[in-house]
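The values are calculated or read from the model by the stated rules, or taken from the named source; none is laboratory data. Given the structure is predicted, the values throughout are model-derived calculations rather than measurements. So basically every Cβ, Gly included, is an ideal-geometry build from the backbone, and we count neighbours across all protein chains shown.
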Amino acid sequence: MKRVILADDHSFVRLGLIQILKDEYPLAEITQVGDGESLVREVTLHDWDIVISDLDMPGRSGLEALQQIKLIKPDLPVLILSIYTEDLYAVRVLKAGASGYMNKNAAPEELITAVQRILTGRKYITPEIAEKLLLQSEINKPSHEELSNREFEIFKLLAAGKTTTQIADELFLALTTVSTHRHRIMEKLGLNTNSELTRYAIANHILSDIS
């Protein structure tokens, strides 16, 4: 019997995913949680065959949870689901140790395909992700690819017009921590103001994915 831990902060999304999984694996034991902290706790306390996690959750994000999970149980496969297109996050989560990345707009049967492939020890990589991985080997990468995962998260929020105070509240970080990250982001991107940062995000097709 397969043991699945499913993390998403929207209960209706969790219920929909559980139904899809149950149709294919009627005997599967599926546990659901609503945030990254609970996910890491369940992974620490119990054994699972696969983790299916949303990327954006309150507090500890799916990406942060993934990084912690790989430290606790490096062989546990993790499938990341997200509303963001592959070109924005897929490479990041795969490099962080995920076994697959899937857009939430994909057809339900694609979830089963991903799970089946991952449970056999393989990675779930779409043609779009494969192309992105290939492009990563090119020398001239855009500057935002050099941002850390936390910096990239804060970069998106700044580009969307949120203040450092709002970001600190949303990510449960100290205001000074957000301000330090903002300074590093501006330095790495060669920018001086938030309006320049927003224009950079638009030019690189990042802002349109988060608006």
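Taking the conditions (1) part of a helix (DSSP H, G or I); (2) free of Cβ contacts under 8 Å to residues at least 40 places away in the same chain; (3) under 16 Å from E151 (Cβ atoms) in turn, K188 satisfies each one other than (2). Screening Y101 on (1) surrounded by 20 or more Cβ atoms within 10 Å (Cβ to Cβ); (2) modelled with pLDDT of 90 or more; (3) farther than 23 Å from E42 by Cβ shows it passes everything except condition (3).
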